[in-house]
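Just below is one structure, and these are the notes that go with it.
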Amino acid sequence: MDAVSRALLDAQNKAAALFREVAESGMIRAGRLDSELTRDIHALARARFGLSRHWHQRIVRSGPNTLLTYHDTPVDRAMTDDDIVYLDFGPVFGEWEADFGRTYVLGSDPVKHRLTQDLSEAFARGKDFFQRSATLTAGQLYDHVVELAREYGWEFGARTAGHLVGHFPHERPANNSTRFSIRSGNPTSLREPDANGNTRHWILEIHFVDRQRQFGGFLEELLTVDG
């Protein structure tokens, strides 16, 4: 594993450790506002990991808000006893970006618990598809995970399924293009090097939703580095 891959994996491992502390702390519980949990996770990250920077806004979604994506602006709400909650944080550890997302179920609803399992399986299958496909494009990977959503009985909830990640701040396309976004129709090769010939690293995002039941779930982590 090269130095960049090791640095990105180390940043992700620290993000995963932060999420474990959040889950074990009891912060995610009925009666708490999404905004309160966002604030408390930020405080925990600063106290336990010395974390002061996030490269994107900190996201906590619960209940019907889990149907929404990063780009939406939901109404703040209080979590309930039988709720589902997802977190999407982009912490910067040292000079390296992480982008990590997980879903948590507060009650015993078997459908919600199945969703969390489906998210994990779909991510693994998406990563395997990438590893087996030397010429895979961003658009082809997006279409693949959308089809996985249908296979598991869900709808894919977002217009994108990932993006670049790297040394802060990571590479941005000219003219705010969508070339570095995993989305339908994007012909960019996921193995195309950057202008200096270096490997680009990608995040894969899985967002499955059930619009009839009014909830969804989210999982994201590194696509291009094995943990």
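Could you work out how much longer the chain between HIS113 and THR80 gets when fully extended? Use 0.36 nm per residue separation minus the Cα distance between them, nm to one decimal.
Details: separation 33, 0.36 × 33 = 11.88 nm, distance 1.56 nm.
Difference between extended and current length: 10.3 nm.
Each Lys and Arg adds +1 at its Cβ and each Asp and Glu adds -1 at its Cβ; summed about the Cα centre, the chain shows a dipole of about 240 debye. Counting neighbouring beta carbons within 10 Å and listing from fewest to most, the residues THR199, THR116 come out as THR199, THR116. Per-residue ellipticity at 222 nm, computed for the chain from helices alone with -39500 (n - 2.57) per DSSP H run of at least four residues, works out to -11500 deg cm²/dmol. Here the gap between THR73 and ASN196, fully extended at 0.36 nm per residue and compared with their Cα-Cα distance, gives a gain of 40.6 nm. Peptide packing for 205-216, 148-159 was compared via the average number of neighbouring C-beta atoms within 10 Å per residue; ordered from the highest value, the list is 205-216, 148-159.
Sequence-distant contacts, meaning Cα pairs under 8 Å at least 6 residues apart, place the relative contact order of the chain at 23 percent. Count Lys and Arg as plus one, Asp and Glu as minus one, and take only other residues whose Cβ is under 14 Å from that of VAL60; the net charge is then 0. Which FRET efficiency, nearest 0.05, do ARG150 and GLU121 yield, Cβ-Cβ r, R0 22 Å? It comes to 0.95.
Its Cα gyration tensor gives the chain an equivalent ellipsoid; the semi-axes, largest first and in whole Å, are 27, 22, 15. Taking only the Cα atoms of region 119-227, the ratio Rg/Rh comes out at 0.98, with Rh defined as the Kirkwood radius.
Put a plus charge on the Cβ of each Lys and Arg, a minus charge on the Cβ of each Asp and Glu, and nothing anywhere else: the dipole of region 1-119 about its Cα centre is then about 240 debye. Length gained on full extension, GLU21 to ARG39: 5.0 nm, using 0.36 nm per residue less the C-alpha separation.
Each value in this text was obtained by applying a stated rule to the coordinates, not by laboratory testing. Everything numeric here is computed off the predicted structure, so don't read it as measured data. Note: ideal-geometry Cβ built from the backbone for every residue, glycine included; neighbour counts use all protein chains shown.
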